[in-house]
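Every number here is computed from the coordinates shown, using simple stated rules; none is lab data. Bear in mind that the values here come from a model prediction, so they are computed numbers and not experimental data. Cβ sites come from the backbone with ideal geometry, for glycine too, and all protein chains shown count toward neighbours.
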Amino acid sequence: MSGRVLVAGIGNVFLGDDGFGVEVVNRIDASALPSRVDVVDYGIRGVHLAYELLNGRHDTLIMVDAVPIEGPPGTLAVLEVDDADAVVAGPVPVNGHGMHPQAVLELLRNLGGGVRRVLIVGCRPAVIDEGMGLSAPVAAAVDDAVRLVADLARQADVECADA
């Protein structure tokens with residue numbers, strides 16, 4: 001491992017609030033983050049994210065996505081994925097045009113890869129229907145999510161450097 005941090009925005013911008021992760025990473029000022037932090041919009045390319053992680057360059061993965069968490073739409077949460085949570089028995093169905101965080105991690109494990117630490121910054125969606133643009137409560141959470149993700153990336157960078 002190289003002590004790098006990958007911030008990955010995932011989601012489908014054509015499904016309303018599912019585009020949350022993409023919107024957040026596109027608003028992050030990557031130049032204001034440490035040089036060992038990579039910020040990438042993966043959108044619906046979950047398979048590409050899994051293959052990127054196979055190269056072993058990243059110790060920490062921070063995925064940003066719309067997730068079904070408790071609370072009203074626009075609620076933010078940081079979830080840490082336990083390595084045991086990412087283990088799957090049997091084949092993982094691969095959808096080249098969109099995979100949720102758990103499916104990406106399961107594919108990565110089945111390919112023989114792994115990441116030391118995985119965080120998911122999630123936002124409770126209001127609308128996951130065909131149509132572009134975030135709902136009002138999710139759009140209102142984007143700026144807070146940008147700050148949260150940047151803070152987590154800086155903290156993870158320090159932790160990776162100390163490890």
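Using only the Cα atoms, work out Rg/Rh for the stretch 28-72, with Rh taken as the Kirkwood radius, to two decimals. Intermediate results must be reported in sequence, preceding the final value.
Working: Rg = 12.9 Å, Rh = 12.7 Å.
Here Rg/Rh amounts to 1.02.
Residues whose amide H falls under 5 Å from that of G3, counting only those 5 or more places apart or on a different chain, are D59, with hydrogens built in the peptide plane. As a calculated quantity, the FRET efficiency between Q155 and V40 at R0 = 22 Å, using C-beta atoms, amounts to about 0.70. From its DSSP helices (H runs of at least four residues, each -39,500 (n - 2.57)), the chain gives a residue-normalised ellipticity at 222 nm of -10500 deg cm²/dmol. Between V64 and A8, G9, I10, V121, the built amide H atoms are under 5 Å apart, and every one of these is 5 or more places off in sequence or on another chain.
Segment L79..S31, full-extension length gain: 14.7 nm, with 0.36 nm per residue of separation and the alpha-carbon distance subtracted.
Between amide H atoms placed 1.01 Å from N, distances below 5 Å from T75 occur with R124, all of them 5 or more places distant or on a separate chain. Along the Cα-to-C-beta direction of R116, a point sits 7 Å from the Cα; which residues of the stretch 27-70 have their amide N less than 13 Å from that point? Under 13 Å, as judged by backbone N against the label point of R116, lie 56-61 of the stretch 27-70. Need one number: % antiparallel among DSSP beta bridges in the chain, to the nearest 5. Expressed as a percentage, antiparallel bridges in the chain total about 25. For the pair N55 and Q102, the difference between a 0.36 nm per residue extended length and the Cα-Cα distance amounts to 15.0 nm.
Using the Karplus relation 6.51 cos²θ - 1.76 cosθ + 1.60 with θ = phi - 60°, the per-residue 3J(HN,Hα) values for the stretch 66-80 come to 7, 9, x, 9, 5, x, x, x, x, 5, 9, 8, 10, 10, 9 Hz, with x marking Gly and Pro.
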